[in-house]
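Here is the structure we will look at.
The values are calculated or read from the model by the stated rules, or taken from the named source; none is laboratory data. Keep in mind it's a predicted model, so treat the numbers as computed, not measured. Cβ: placed from backbone, ideal geometry, glycine included. Neighbour counts: every protein chain shown. Protein only, heavy atoms only, side chains kept; ligands, DNA and RNA dropped before computing areas. Shrake-Rupley method; radii C 1.70, N 1.55, O 1.52, S 1.80 Å.
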Amino acid sequence: MINLNLYGWNDKLNHLKQLSNYKALSYGRVVVVNRTCNEVISENGMFQCELTGNMIFGKLDFELPCVGDWIIFQSFDENKGVIVDMLPRERILYRKKSGTVADKQAIASYVDKAFIVQSLDDNFNARRAERFMVQILEEDIKPVLVLNKTDLGFDRQRIDEAIKHITHHIPVFFTSIHQPQTINQLRESISEGETVVFVGSSGVGKSSLVNALCEQSILLTSDISQSTGKGRHTSTRREMVLMNGSGILIDTPGVREFGLAIDSPDSLTDMLELSDYTGSCRFADCTHTNEPDCAVIEAVQDGTLDSKVYESYLKLRREMWHFSTSEYEKRKRDKFFSKLVDEVKKRKASF
Ligand SMILES: Nc1nc2c(ncn2[C@@H]2O[C@H](COP(=O)(O)OP(=O)(O)O)[C@@H](O)[C@H]2O)c(=O)[nH]1
Ligand SMILES: [Mg+2]
Ligand SMILES: [Zn+2]
């Protein structure tokens, strides 16, 4: 019998399960999502589960089970099952689907912490760290900045300076897979039953860190190919692994484009430490773009506020606004479709 508490199962989830029509069936957590079937860890081991037509029909992509979801399934073989229900989702990490603007894709759910991994070479980018942090905080997930590959040598002062405005909201770890004590420190920050998702560009060392934290090679890393000298990208599927006596780690393939799939830009000023200034603008509804006596613009002008942080703020805000309008458009569209369905039903009934 597998103890699902180690995978994050708790009283609250158990209560939610009792509300399902299928409460008598088996339950488990999605570990890997494939096109046609999901791997689910349950009290009786791993099951390959398909989705019922009802589960798929009428659902948008991001509403389908993702890694981390808790689902209820009917088992029909020693290790096969059909997913019949999904517990209400919490703390989901979304990413913008490539090609479409507002469509989002669920990366992982029931996430407690997100490790934003960057490597201390050209990959280090304070703007990208801000972007990840903002979205993660919006989802009530704790962001953690993991700056990896310290062994390559880096300018600590420059890094500290670049991230000083966000460190109130985000703990920072400096790691190297070649320096075990840095991995131990990271491991100690993860508690039992806690779900940690790793995000960041491809090649920064996410899979290597997961392997190092688990003290075994569970995931494939993109080691430099002997023949071409180029790195290979091998972790194409999202994977969830259990750490000995500790948390649950979810690796993701490189997420280059992490869209802001949220629609409340208000907290942005707080996250980027602009609230100190926004309170002193002349107008209460100041947009901090072209108003007279705008304390934010003044702070940029006199150098107390880094102009890069200000630009980042404007950019993220624009994106959020864009998203909220498209969400609104989408809801309008959904309403239109459900009306259409109602009318078709009515017409059918009158035949
Ligand atoms: N020097 C150094 N290389 C690392 C470190 N962590 C990972 N790597 C290397 O970086 C490459 C990409 O690692 P991988 O874990 O596949 O990155 P991912 O794409 O983020 O999962 C591999 O060649 C790793 O061996 C580190 O701390 N220091
Ligand atoms: Mg990887
Ligand atoms: Zn202002």
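Some values worked out for this structure:
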{"item": "Failed item in (1) over 30 Å from Glu319 (Cα atoms); (2) at pLDDT 95 or above, with Val117 passing the rest", "result": "(1)"}
{"item": "Identity of the residue in the range 9-33, open to solvent by less than 50 Å² (accessible area, probe 1.4 Å) and part of a loop (DSSP other than H, G, I, E, B), that ends up farthest from Pro88 (Cα to Cα)", "result": "Leu25"}
{"item": "Residue within the range 8-18 that is small (Gly, Ala, Ser) and more than 18 Å from the chain's Cα centre (by Cα) present", "result": "no"}
{"item": "Options Ser264, Ser275, Ser227, Ser280: the member that is at pLDDT below 55, among the small types (Gly, Ala, Ser), out of contact with any strand residue (DSSP E or B) (no Cβ under 7 Å at 6 or more places or on another chain) and open to solvent by 20 Å² or more (accessible area, probe 1.4 Å)", "result": "Ser227"}
{"item": "So Leu305, is it assigned by TED's automatic domain parsing to the domain that holds Gln118, at pLDDT 90 or above and either more than 21 Å from Ile183 (Cα to Cα) or not charged (D, E, K, R) (or both)", "result": "no"}
{"item": "Among residues of the range 49-60, those that are open to solvent by less than 70 Å² (accessible area, probe 1.4 Å) and at pLDDT 90 or above, counted", "result": "1"}
{"item": "Ser235 vs. criteria within 13 Å of ligand 1 (Cβ to nearest atom), modelled with pLDDT under 85 and over 23 Å from Ala106 (Cβ atoms)", "result": "no"}
{"item": "Any hit, the range 161-175, residues being under 24 Å from the mean Cα position of the chain (by Cα) and within 16 Å of ligand 2 (Cβ to nearest atom)", "result": "yes"}
{"item": "Residues of the range 285-305 satisfying the condition of being open to solvent by 70 Å² or more (accessible area, probe 1.4 Å) and more than 33 Å from the chain's Cα centre (by Cα)", "result": "Asn290, Asp293, Glu298, Gln301, Asp302"}
{"item": "Residue check, Asn5 without any contact (Cβ under 8 Å) to a residue 40 or more places away in the chain, not basic (Lys, Arg) and not in a loop (DSSP other than H, G, I, E, B)", "result": "no"}
{"item": "Of residues in the range 105-114 being open to solvent by less than 20 Å² (accessible area, probe 1.4 Å) and in a strand (DSSP E or B), the one modelled with the highest pLDDT", "result": "Ala114"}
{"item": "In the range 80-100, residue modelled with the highest pLDDT [restricted to those that are in contact with a Ser or Thr (Cβ under 6 Å, 6 or more places away or on another chain) and part of a loop (DSSP other than H, G, I, E, B)]", "result": "Arg89"}
